[in-house]
Amino acid sequence: WALSNFDIGRQLGRGKFGNVYLAREKESQFVVALKVLFKRQIGETKVEHQVRREIEIQSHLRHPHILRLYAYFHDDARIYLVLEYAPQGTLFSALQAQPMKRFDDSQSATYIKALCSALLYLHERDIIHRDIKPENLLLGHKGVLKIADFGWSVHEPNSMRMTLCGTVDYLPPEMVLNKPHTKNVDLWSLGVLCFELLVGHAPFFSKTYEETYQKILKVDYKLPEHMSKAAAHLISKLLVLNPMHRMALDQIILHPWIVAHTQ
Ligand SMILES: CC(C)CCNC(=O)Cn1cc(-c2ccc3c(-c4nc5ccccc5[nH]4)n[nH]c3c2)cn1
């Protein structure tokens with residue numbers, strides 16, 4: 001493959017290492033998201049091996065809720081990633097577009113269940129920390145959720161929350177304290193996401209990083225009146241300080257809140 005195989009369209013997102021464009025393969029007319037990474041920037045920041053590892057991993061993943069990496073190629077200055085195009089954009093923008101800036105139980109449970117199945121698939125392959133937060137989750141045809149690991153902090157033009165190192169709202173206590181992290185970090189992030197989908201903001205959201213860190217380490221969050229008891233129960237089983245005591249993925253899928261609100 002080469003750049004000449006594609007017609008390039010509008011910019012879909014931008015990030016530290018490069019931008020993402022809508023593109024169409026000329027022969028097949030197949031629409032993709034073409035991500036451009038600049039070698040110079042990657043070389044300077046020594047993430048080259050990480051990019052190779054990511055590409056190697058992602059190109060072999062096949063799951064309905066994980067964004068496909070179809071192909072990659074490079075020229076002297078850039079690396080190009082041919083990624084699945086998600087027509088309905090990020091979950092972050094879908095959340096903002098909600099009248100009350102939040103989803104109901106059945107929409108939220110549907111997203112959480114899809115994420116659980118994608119995380120089970122990744123954990124079975126010892127892949128963790130997929131950085132699950134609304135900015136990194138895309139919506140495909142019919143609004144099907146897709147994990148896109150934006151290791152390179154790619155975000156749509158309108159995602160306000162991105163800071164230098166991205167939002168800290170999703171960091172589990174063990175990462176705030178710089179302890180080694182296990183795949184159970186994803187269970188914590190799942191709890192944070194579940195809260196945010198149902199409420200419209202993250203559970204430990206605060207004005208400053210410091211305050212957010214303190215709240216995370218004390219697991220200090222408040223449940224809004226409108227949240228169902230079943231949802232609150234599931235969240236309380238995921239936002240648990242000790243990583244080993246968080247509810248496992250196969251248990252989450254069987255939780256009454258998920259069962260009651262999904263097909
Ligand atoms: C292999 C390694 C180096 C990283 C591979 N993974 C990624 O590059 C993760 N990534 C996915 C993207 C990305 C960003 C946006 C989109 C979109 C998309 N569809 C949109 C619809 C409306 C508005 C914005 C949209 N963005 N579809 N597919 C995408 C894919 C950017 N980075």
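The values are calculated or read from the model by the stated rules, or taken from the named source; none is laboratory data. Worth saying up front: this structure is predicted, and the values here are computed from it rather than measured. For neighbour counting, all protein chains shown are included, and Cβ atoms are generated from backbone atoms with ideal geometry for every residue, glycine included. In case anyone asks, the SASA skips ligands and DNA or RNA and just uses the protein heavy atoms, side chains included. Shrake-Rupley method; radii C 1.70, N 1.55, O 1.52, S 1.80 Å.
Identify, from the list PRO224, PRO203, the residue that is under 17 Å from ILE132 (Cα atoms) and part of a loop (DSSP other than H, G, I, E, B).
Numbers: PRO224 fails: under 17 Å from ILE132 (Cα atoms).
Criteria check complete, one pass: PRO203.
Among GLY13, GLY18, GLY43, which is the only one that is touching an Asp or Glu at 6+ places or on another chain (Cβ under 7 Å) and either open to solvent by less than 80 Å² (accessible area, probe 1.4 Å) or over 22 Å from LEU145 (Cβ atoms) (or both)?
GLY13
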Q | VAL32, sole failed condition from (1) within 10 Å of the ligand (Cβ to nearest atom); (2) surrounded by 13 or more Cβ atoms within 10 Å (Cβ to Cβ); (3) over 21 Å from LYS142 (Cα atoms) | A | (3)
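Please go through segment 2-26 and give me each residue that is away from the ligand (no atom under 15 Å from the Cβ) and out of contact with any helix residue (DSSP H, G or I) (no Cβ under 7 Å at 6 or more places or on another chain), ordered by number.
Within segment 2-26, the subset away from the ligand (no atom under 15 Å from the Cβ) is 2-5, 7, 26.
Those that are away from the ligand (no atom under 15 Å from the Cβ) and out of contact with any helix residue (DSSP H, G or I) (no Cβ under 7 Å at 6 or more places or on another chain): ALA2, LEU3, SER4, ASN5, ASP7.
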Q.
Taking the condition of being out of contact with any Lys or Arg (no Cβ under 6 Å at 6 or more places or on another chain) and either closer than 14 Å to LEU238 by Cα or in a loop (DSSP other than H, G, I, E, B) (or both), how many residues in segment 175-187 meet it?
A. 9
Q) Which of the residues spanning segment 118-136 are under 14 Å from the mean Cα position of the chain (by Cα) and open to solvent by 30 Å² or more (accessible area, probe 1.4 Å)? A) ILE128, HIS129, ASP131
Q) Across segment 50-59, what is the number of residues that are loosely packed, with under 12 Cβ neighbours inside 10 Å and either of a type in the set (Ser, Thr, Tyr) or more than 11 Å from the ligand (Cβ to nearest atom) (or both)? A) 0
Q: For residues that are within 16 Å of the ligand (Cβ to nearest atom) and within 13 Å of GLY143 (Cα to Cα), scanning just segment 93-113, find the one that is surrounded by the most Cβ atoms within 10 Å (Cβ to Cβ).
A: ALA94
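So, in segment 80-91, how many residues would count as being hydrophobic (A, V, I, L, M, F, W, C) and within 8 Å of the ligand (Cβ to nearest atom)? Explain how you work it out, then say what you get.
Applying the first criterion (hydrophobic (A, V, I, L, M, F, W, C)) to segment 80-91 yields 81-83, 86, 91.
With within 8 Å of the ligand (Cβ to nearest atom) added as a condition, the list becomes 81, 83, 86.
Residues flagged as hydrophobic (A, V, I, L, M, F, W, C) and within 8 Å of the ligand (Cβ to nearest atom) within segment 80-91 amount to 3.
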Q.
Conditions first: (1) buried (at least 17 other Cβ atoms within 10 Å of the Cβ); (2) touching a Ser or Thr at 6+ places or on another chain (Cβ under 7 Å); (3) not in a helix (DSSP H, G or I). MET247 passes all but one, so which condition is the exception?
A. (2)
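Take segment 69-84 and flag every residue that is part of a loop (DSSP other than H, G, I, E, B) and open to solvent by less than 60 Å² (accessible area, probe 1.4 Å).
As a first pass, look at segment 69-84 and keep what is part of a loop (DSSP other than H, G, I, E, B): 75-77.
Listed by number, the residues that qualify are ASP75, ALA77.
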